[in-house]
There are 2 protein chains.
Amino acid sequence: MRVFRLQGYHHSSMADLARACGVQKAHMYYYFENKEALMRAVLEAVLSYAEARVFPLAYEDERSPEARIEDIIGQLRRLLAMDQGGCLMANTALEVSHLQPAPDFLAVVRAFFEQLLDALTHLLKHILPPEAAQSQAETQVAALEGALLLSQVYEDPAYFERGLERLSALFTPIA
Amino acid sequence: MRVFRLQGYHHSSMADLARACGVQKAHMYYYFENKEALMRAVLEAVLSYAEARVFPLAYEDERSPEARIEDIIGQLRRLLAMDQGGCLMANTALEVSHLQPAPDFLAVVRAFFEQLLDALTHLLKHILPPEAAQSQAETQVAALEGALLLSQVYEDPAYFERGLERLSALFTPIA
DNA sequence: GTCTATACTTGGATAGAC
DNA sequence: GTCTATCCAAGTATAGAC
């Protein structure tokens with residue numbers, strides 16, 4: 001996961017990946033059919049983590065929206081840490097989305113963003129009408145990923161931090 | 001440029017690039033020292049275009065901000081067309097920003113975003129206090145690139161279109 | 001300036017011993 | 001389940017004829 005995040009899909013060789021795992025290159029093929037299957041497994045691991053520890057936070061309806069968004073932001077800060085390669089889902093999407101044929105692991109990327117959008121939409125419905133909530137969730141996910149991009153361009157985590165703050169601010173208006 | 005946008009930097013081979021240019025692979029080395037120099041030249045061509053035809057639109061102070069932002073949006077729609085590979089600057093940044101050593105063409109990417117941010121900040125100063133203008137420019141560039149990402153993830157130009165509309169709407173409040 | 005031919009390296013993947 | 005050895009294709013880059 002670390003290698004793919006830092007070096008990208010195509011630039012990560014099976015040798016790089018094997019070294020990071022502390023095994024011989026050939027041994028990778030005992031567990032994974034090929035490089036694409038390995039990437040799929042990595043992306044599925046990220047998705048599983050988010051499904052277990054991040055998205056559910058949004059649906060804890062007995063807690064306040066403010067508290068829930070703060071927890072989610074904390075998780076996103078770790079999951080997308082810019083100094084560890086940023087967002088693997090976004091990096092991968094931009095690197096392979098136009099390839100023909102498209103690698104099948106793109107479906108995992110889509111599932112990730114869909115669930116992230118749904119989770120945020122659910123939270124925003126507490127402070128906005130349903131339609132506006134969906135639109136605002138889309139805006140916020142885009143703004144967050146874009147802020148992460150700027151952080152990587154300028155090697156400055158502040159852009160991403162400000163993106164997280166703007167998301168947080170939505171739930172703590174003035175008061 | 002087309003090949004790099006669609007396939008990414010590392011996945012584009014000199015053979016791919018030569019074919020797209022209609023010359024033999026070896027001939028590419030007559031014009032460019034290596035693949036990295038070729039990528040630099042491509043990025044510089046994009047930057048030059050933006051410096052000549054896009055950014056200056058923001059500074060035509062005799063025209064209304066609304067008119068200027070509409071022209072800029074029109075240019076961005078073409079320059080970042082999602083079905084042609086999206087934003088080469090963003091794609092490239094995410095693909096190579098964590099490599100060590102970092103390719104020197106990253107400086108061109110930084111220059112592009114810096115000038116885009118400056119241009120948007122200048123325009124926003126017509127409707128916001130200076131400090132808020134800078135902050136809002138950062139937010140809008142991030143939101144736009146993020147919207148483009150979502151368009152590529154879902155193969156749906158609508159996300160990017162809505163991003164452009166939200167930018168446009170900033171300059172035409174209610175009225 | 002453009003081509004053919006080719007050197008040299010790396011990359012993905014397999015075979016088979018242990 | 002892990003290793004060594006190896007195959008073959010693709011990749012970057014160069015040499016040299018025309």
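Rule-based calculations on the coordinates, nothing more; no lab input. Keep in mind that this is a model prediction, so the values were computed, not measured. Neighbour counts run over all protein chains shown; Cβ positions are idealised from the backbone, glycine included.
Some values worked out for this structure:
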| read-out | value |
| --- | --- |
| Among (1) surrounded by 13 or more Cβ atoms within 10 Å (Cβ to Cβ); (2) within 16 Å of DNA strand D (Cβ to nearest atom); (3) away from every other protein chain (no Cβ under 14 Å) - the single one A:PRO65 does not satisfy | (2) |
| Every residue from region B:1-36 that is exposed (fewer than 14 other Cβ atoms within 10 Å of the Cβ), within 10 Å of DNA strand D (Cβ to nearest atom) and of a type in the set (A, V, I, L, M, F, W, C) | B:ALA15, B:ALA26 |
| Subset of region A:126-156 (residues that are part of a loop (DSSP other than H, G, I, E, B) and either in contact (Cβ under 8 Å) with a residue 60 or more places away in the chain or buried (at least 22 other Cβ atoms within 10 Å of the Cβ) (or both)) | A:HIS126, A:ILE127 |
| Given (1) assigned to a loop (DSSP other than H, G, I, E, B); (2) surrounded by 23 or more Cβ atoms within 10 Å (Cβ to Cβ), number of the condition A:THR92 does not satisfy | (1) |
| Residues of region A:140-157 that turn out to be polar (S, T, N, Q) and over 15 Å from A:GLN84 (Cα atoms), as a count | 1 |
| Residue selected from region A:20-31 under the condition among the hydroxyl-bearing types (Ser, Thr, Tyr) and within 10 Å of DNA strand C (Cβ to nearest atom), by the criterion nearest to the other protein chains (Cβ to nearest Cβ) | A:TYR29 |
| Matching entry among A:LEU17, A:LEU57 (being within 14 Å of DNA strand C (Cβ to nearest atom), in contact (Cβ under 8 Å) with a residue 12 or more places away in the chain, away from every other protein chain (no Cβ under 13 Å) and out of contact with any His (no Cβ under 6 Å at 6 or more places or on another chain)) | A:LEU17 |
| Among residues of region B:4-14, those that are within 14 Å of chain A (Cβ to nearest Cβ) and either more than 25 Å from A:THR92 (Cα to Cα) or more than 15 Å from the chain's Cα centre (by Cα) (or both), counted | 6 |
| Which listed residue, of A:ARG110, A:ARG78, A:ARG68, A:ARG63, is over 20 Å from A:GLU138 (Cβ atoms) and in a helix (DSSP H, G or I) | A:ARG78 |
| Region A:32-52 - residue that is within 14 Å of chain B (Cβ to nearest Cβ) and under 13 Å from A:PHE112 (Cβ atoms) and, of those, farthest from DNA strand C (Cβ to nearest atom) | A:LEU47 |
| Qualifying residue in region B:91-101 (condition: more than 8 Å from every other protein chain (Cβ to nearest Cβ) and either under 30 Å from B:PRO173 (Cα atoms) or of a type in the set (Asp, Glu) (or both)) | no |
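To keep it simple, each residue is scored yes or no on (1) in contact with a Phe, Trp or Tyr (Cβ under 6 Å, 6 or more places away or on another chain); (2) within 14 Å of chain B (Cβ to nearest Cβ); (3) over 30 Å from A:ALA37 (Cβ atoms).
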position: A:VAL109; (1), (2), (3): no, yes, no
position: A:PHE113; (1), (2), (3): no, yes, no
position: A:ALA119; (1), (2), (3): yes, no, no
position: A:LEU128; (1), (2), (3): no, no, yes
position: A:SER151; (1), (2), (3): yes, yes, yes
position: A:ASP156; (1), (2), (3): no, yes, yes
position: A:ILE174; (1), (2), (3): no, no, yes
